[in-house]
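Heads up: the structure comes next, in structure tokens.
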Amino acid sequence: MKKYLYNILFLSLSLLPTFFAGPLLAQTENRNFINNPRLFLDETQKPTGLSSNKDAVLVAIQVIQVGLGLVGFIFFCLMVYAGFMWMLDRGNEDRAVTAKATFTAAVSGVIVIVAAYAVSLFITNFVSGR
């Protein structure tokens with residue numbers, strides 16, 4: 001019964017925005033959205049000030065940059081974790097070996113990621129003609 005109620009709640013909340021789309025579309029000046037959906041996107045984009053004319057290469061580069069930032073954060077966390085393991089091993093050789101292995105894995109992972117970024121940057125520059 002509880003799962004049934006959660007399903008009804010999820011369905012009603014996911015369909016809620018569709019009930020408000022009609023009045024919003026009725027307030028626009030140009031209502032030829034059915035024949036030209038791009039017009040609808042342009043109309044809804046104007047108040048936000050965002051540009052939809054982004055090049056696919058620029059979007060890909062931004063996604064890669066965000067991904068590299070995330071990988072850098074993970075690398076930093078792994079290095080801090082391995083450093084704490086090594087400092088707090090208290091003479092336990094197994095923990096020291098595990099810490100060294102974590103250091104090695106983190107550094108080799110960053111090397112692979114940087115190499116992949118260099119290859120992707122080369123390919124995007126080659127394709128875009130820059």
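The values are calculated or read from the model by the stated rules, or taken from the named source; none is laboratory data. Keep in mind that this is a model prediction, so the values were computed, not measured. Note: ideal-geometry Cβ built from the backbone for every residue, glycine included; neighbour counts use all protein chains shown.
Here are a few things to note about the model shown:
- For the range 66-85, a residue qualifies if it is surrounded by 11 or more Cβ atoms within 10 Å (Cβ to Cβ), closer than 22 Å to Phe122 by Cβ and without any contact (Cβ under 8 Å) to a residue 40 or more places away in the chain, and the qualifying residues are Gly67, Gly72.
- Being surrounded by 11 or more Cβ atoms within 10 Å (Cβ to Cβ), closer than 19 Å to Tyr117 by Cβ, at pLDDT below 80 and among the aliphatic types (A, V, I, L, M) is a description that applies to Ala60.
- Within the range 89-111, considering residues that are outside any helix (DSSP H, G or I) and exposed (fewer than 11 other Cβ atoms within 10 Å of the Cβ), the one modelled with the lowest pLDDT: Arg90
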